[in-house]
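Chemist: First the structure, which I've put down as structure tokens, then a few questions once you've had a look.
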Amino acid sequence: MLYRDRWIECTEDAVRVRFYYFPFGTKTIPYARIRGVRRVALSALRGRGRIWGTANPGYWAHLDPGRPRKDTALVVDLGGRIKPLLTPDDPEAVAEVIRTRSGLDGVDGVGAGPVV
């Protein structure tokens, strides 16, 4: 195990996101599928108030009742229409694992988060 908190787990092969699907279900994201990851700042209209789901069809936020107390999220680009919005307890650690395991050059800097 490279990283683990209540909702996010980074294994040798993939990122596993618990309670990604409604009503429950784990999403497994193999590192080989990840095309990019970017850090985003959360605010009241940009993800902080969203516990689960989305109002924006381009993003999906996994269940995280602690999200209102967090200020940073990771948007993972899988090359598809929907990008997972992840809020690990330690976003820097998860970004580093993703960068290393997926072979990305880096993680895009902090910008404004999407409206979700």
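Chemist: In region 35-67, which residue that is farther than 19 Å from Ala95 by Cβ and crowded, with 18+ Cβ neighbours inside 10 Å is modelled with the lowest pLDDT?
Modeler: Across region 35-67, the extreme among qualifying residues is Arg50.
Chemist: Sort out which residues of region 49-70 are charged (D, E, K, R), part of a loop (DSSP other than H, G, I, E, B) and within 13 Å of the chain's Cα centre (by Cα), and write them in order of number.
Modeler: Within region 49-70, Asp64, Lys70 qualify.
Chemist: Within region 1-19, how many residues are outside any strand (DSSP E or B), of a type in the set (Lys, Arg) and without any contact (Cβ under 8 Å) to a residue 40 or more places away in the chain?
Modeler: Residues in region 1-19 being outside any strand (DSSP E or B), of a type in the set (Lys, Arg) and without any contact (Cβ under 8 Å) to a residue 40 or more places away in the chain: 0 in total.
Chemist: Within region 90-109, take every residue that is without any contact (Cβ under 8 Å) to a residue 24 or more places away in the chain and of a type in the set (D, E, K, R) and give me the one that is surrounded by the fewest Cβ atoms within 10 Å (Cβ to Cβ).
Modeler: Only one residue tops the list, namely Asp105.
Chemist: Determine which single condition Arg99 fails, assuming it passes every other condition in (1) at pLDDT 95 or above; (2) in a helix (DSSP H, G or I).
Modeler: Unmet condition: (1).
For (1) assigned to a helix (DSSP H, G or I); (2) closer than 14 Å to Ile8 by Cβ; (3) in contact (Cβ under 8 Å) with a residue 60 or more places away in the chain, each residue gets a yes or a no:
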| site | (1), (2), (3) |
| --- | --- |
| Val40 | no, no, yes |
| Gly47 | yes, no, yes |
| Gly79 | no, no, no |
| Leu85 | no, yes, no |
| Pro88 | no, yes, yes |
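Chemist: Under 19 Å from Asp77 (Cβ atoms), surrounded by fewer than 13 Cβ atoms within 10 Å (Cβ to Cβ), in contact (Cβ under 8 Å) with a residue 24 or more places away in the chain and not charged (D, E, K, R), is that true of Ala32?
Modeler: yes
Chemist: Hey, among the residues in region 1-42 that are small (Gly, Ala, Ser) and closer than 11 Å to Arg101 by Cβ, which one's farthest from the chain's Cα centre (by Cα)?
Modeler: Among those residues, the one meeting the criterion is Ala32.
The values are calculated or read from the model by the stated rules, or taken from the named source; none is laboratory data. Since the model is a prediction, treat every value here as computed from it, not as a measurement. Methodologically, a virtual Cβ is constructed for each residue, glycine included, from the backbone with ideal geometry; neighbour enumeration extends over all protein chains shown.
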